[in-house]
């Protein structure tokens, strides 16, 4: 991973992050996840939403780049405060971790995840959560980084 750098995404880089999210969602569908949106407006809206998040202090996205400054991965997380019927708890929610297939299994995803975890600690989060499909090969990465099942979301067709 010597020639790969991980850096914070800038406020104007949502257009780099969203195509990676689109690829991630397409791959998730092949592991039992929901189908990706086919309406381009959904992706345009997602780009605008991430651009807004990048301007604020409650989300962080990181981009992995090869030696030629080509984006090869992206990861992102948001700060969430558990509340309502639960005791308040500041939580880091990881919503995106994606590495282009040809760069996988070299530590890129783990390095991006660690960068997000470090940020979460620095801003006072008590825990971190993420969702992963039960049949996803990414499960081993998350387990290696200390994640363990906490809650099971069950679904069924209607």
Qualifying residue in the stretch 18-33 (condition: under 19 Å from residue 109 (Cβ atoms), crowded, with 16+ Cβ neighbours inside 10 Å and in contact with a helix residue (DSSP H, G or I) (Cβ under 6 Å, 6 or more places away or on another chain)): yes
Counted residues, the stretch 133-147 - those being modelled with pLDDT of 90 or more and in a loop (DSSP other than H, G, I, E, B): 3
Checking residue 121 against (1) touching a strand residue (DSSP E or B) at 6+ places or on another chain (Cβ under 6 Å); (2) modelled with pLDDT of 95 or more, the condition it does not meet: (1)
Breaking point among (1) under 22 Å from residue 136 (Cα atoms); (2) in contact with a helix residue (DSSP H, G or I) (Cβ under 9 Å, 6 or more places away or on another chain); (3) not in a strand (DSSP E or B), for residue 50: (1)
Residues within the stretch 70-128 that are part of a helix (DSSP H, G or I) and either over 15 Å from the mean Cα position of the chain (by Cα) or more than 19 Å from residue 57 (Cα to Cα) (or both), tallied: 9
Some residue of the stretch 79-91 being crowded, with 17+ Cβ neighbours inside 10 Å and in contact with a helix residue (DSSP H, G or I) (Cβ under 7 Å, 6 or more places away or on another chain): no
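Which members of the stretch 119-129 meet the condition of being free of Cβ contacts under 8 Å to residues at least 40 places away in the same chain and either under 20 Å from residue 27 (Cα atoms) or surrounded by 11 or more Cβ atoms within 10 Å (Cβ to Cβ) (or both)?
First, the residues of the stretch 119-129 that are free of Cβ contacts under 8 Å to residues at least 40 places away in the same chain: 121-122, 124, 126-127, 129.
If the condition is that a residue be free of Cβ contacts under 8 Å to residues at least 40 places away in the same chain and either under 20 Å from residue 27 (Cα atoms) or surrounded by 11 or more Cβ atoms within 10 Å (Cβ to Cβ) (or both), then 121, 126, 127, 129 are the ones that fit.
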Residue among 59, 64 that alone is crowded, with 17+ Cβ neighbours inside 10 Å, touching a helix residue (DSSP H, G or I) at 6+ places or on another chain (Cβ under 9 Å), under 16 Å from residue 101 (Cβ atoms) and touching a residue at least 12 places away in the same chain (Cβ under 8 Å): 64
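The values are calculated or read from the model by the stated rules, or taken from the named source; none is laboratory data. On a predicted model such as this, the values are computed, not experimentally measured, just so you know. When we count neighbours, we look across all protein chains shown, and the Cβ atoms used for this are built from the backbone with ideal geometry, even at glycine.
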